[in-house]
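What follows is one structure encoded as structure tokens, with my remarks underneath.
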Amino acid sequence: MIIILLVTFLLLIIINIPIVFSLALACLFALLYDSGIPLTIIPQRMFNGLDSFPLLAIPFFILAGAIMDRGGVSVKIINLADKLVGHIRGGLAMITVVASMIFSSMTGSSTAATAAIGKIVVPPMNKKGYSRGFSAALVAASGSLGSVIPPSITLIIFGVVASASIGKLLIGGLLPGILLGISLMVASYIISVIKKYPAEERSSLKELGKSFVDAILALLMPIIMLGGIMLGIFTATEAAVVAIVYGMVVGMFIYKKLKIKDLPEIFYETILISSMVVLIIGVADLFGWLVTSQQLPQLIGGFITSLTTNPYLILLIILLFLLFVGLFMEAAAAIIILTPVLLPITNSMGVDPVHFGVIMIAALAIGVITPPMGVNLFVASAITNLNINIVIKHIWPFVLALVIALFVIAYVPVITTWLPSFIE
């Protein structure tokens, strides 16, 4: 049964069937082979996978990000980033990374961050003489931070699957997300020095202060969300609802960029994105149940430990495996399928589930900028009107920077576990 399940899934992926339908058909064929399991298990397991209160945070955070973007927050953030780091060599590149880090803390989505920031920063970068390929690749790489920096949708999915504290996972992703951002800034600086990209004029303290005041309301949103979770005032799901209300008040009545007529389109976009994520979660739960029922985690765990019992080498094997999976599989599906397989292995090694969750999401986040399935590459290509092959050509320095940061996060667990240790 497990052979039919995996072989069917791989064949469907190879012939370019969408991931959710590949999962569903593979499960159906496997169940048809084993007549001892009734097909009624399909809707039962799909419902079981979706019957989770924390999953409500996903559509709420998607909606909050769309509202903040439409409410004029992106421009405020970029202006602040300009004053903070624009004077460094390759200033516009630095602005892109910092703005993406801040915007990611409001949307929880890598594609949303890529699209929102890319539309604003790429045109001036091109005017200043930056390579179009470099600009597009940087926007795609910076957007990937949205998978790790809270409120990360993928961290929420991991928390549901692993039965781990979502609040601790979101807080735990903060410092690793910042480290990943710093790695991109270092790579951007090195490239900018080599290519002699310009620096912007240094801003005065008065200008910096003014841009900070202009952006303070935007910056308060992640502070309110994460602070509320850390202090136990509200859960991650409740924090998402707070973010929606806050975003609407700021966008409509203070920045006055968000209009009532914009809401139907925002709701429609949120429903489309949320439905895709939810469908994958439901089907992947069925897939994960079948995999677990056939004791595949134990088989894989036994195989890995037969290669080595050194926990550092086992972690290295898992990291390389996750990077490979990220090349071909969407992160949400990979989390739901692989977490039941890998989590028992890392638990036996004494790895904190929060630490492993952040490692897993960071590794899969790199997959959004690596071909052939790198969704951020396609988003960056679309918003820059640039051939995808050119974007891919320029992405590799950023991939290398993120991989280095990933290994630091993996082998220095305190980076992830320090802040969550303050949550009871």
Checklist entry - When the chain is fully extended, how far beyond the present Cα-Cα distance does Trp418 get from Ile233, taking 0.36 nm per residue of separation? => result 64.6 nm
Checklist outcome for this item: On the formula 1/(1 + (r/R0)^6), with r taken between the Cβ atoms of Ser348 and Ala382 and R0 of 41 Å, the FRET efficiency rounded to 0.05 is 0.40
Checklist outcome for this item: Which of Ile335, Ile314, Ile182 fluctuates most in a GNM of the chain (C-alpha springs under 10 Å)? That residue is Ile314
Checklist entry - So how far apart, in nm, are the two label points at Trp396 and Phe212 if each is 7 Å from Cα heading toward Cβ? => result 4.2
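For the chain, what % of the accessible area comes from carbon and sulfur atoms, probe 1.4 Å? Provide the component values of the computation, followed by the final result.
On the way: 12800 of 18170 Å².
It is 70 percent, rounded to a whole number.
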Next on the checklist: How much accessible area per residue does segment 363-413 have, counting only protein heavy atoms and a probe of 1.4 Å, in square angstrom?
Outcome noted: 41
Checklist outcome for this item: With 0.36 nm assigned to each residue of separation and the Cα-Cα distance removed, Thr305 to Thr292 gains 2.8 nm
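Where Rh is the Kirkwood radius over the Cα pairs of segment 283-396, the temperature 10 °C and the viscosity 1.306 mPa s, what D in µm²/s does Stokes-Einstein return?
Numbers: Rh = 15.3 Å.
D = 104 µm²/s.
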Next on the checklist: Over segment 103-213, with the other protein chains present, what is the accessible area per residue in square angstrom, probe 1.4 angstrom?
Outcome noted: 37
Checklist entry - Mind checking the dipole of the chain: about its Cα centre, +1 per Lys or Arg Cβ, -1 per Asp or Glu Cβ, Debye to the nearest 20? => result 1420
Checklist entry - Hey, in the GNM for the chain with a 10 angstrom Cα cutoff, which one of Ile300, Ile280, Ile77 fluctuates hardest? => result Ile300
Checklist entry - Along the three principal axes, how long is the chain when you take its alpha carbons, biggest first, rounded to the nearest angstrom? => result 71, 47, 43
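Quick check: residue separation of Leu313 and Tyr268 times 0.36 nm, minus the Cα distance between them. What number comes out in nm?
Gain in length upon complete extension: 11.6 nm.
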Item to check | Principal-axis tilt of helix 263-293 within the chain, Cα atoms, nearest 10 degrees | outcome: 30
Checklist entry - According to the square roots a ≥ b ≥ c of the eigenvalues of the Cα gyration tensor, what is the shape class of segment 215-272, taking rounded for a/c under 1.5, prolate for a/b larger than b/c otherwise, and oblate for the remainder? => result oblate
Checklist entry - Each label point is 7 Å from the Cα along the Cα-to-Cβ direction; what then is the distance between the points at Lys128 and Leu39, in nm? => result 5.9
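The values are calculated or read from the model by the stated rules, or taken from the named source; none is laboratory data. Because the structure is predicted, anything quoted here is derived from the model rather than measured. Here the Cβ is made from the backbone with ideal geometry for all residues, glycine too, and neighbour counts use every protein chain on show. Each accessible area value is taken on the protein alone, full model and side chains, heavy atoms only, with ligands, DNA and RNA left out. Shrake-Rupley method; radii C 1.70, N 1.55, O 1.52, S 1.80 Å.
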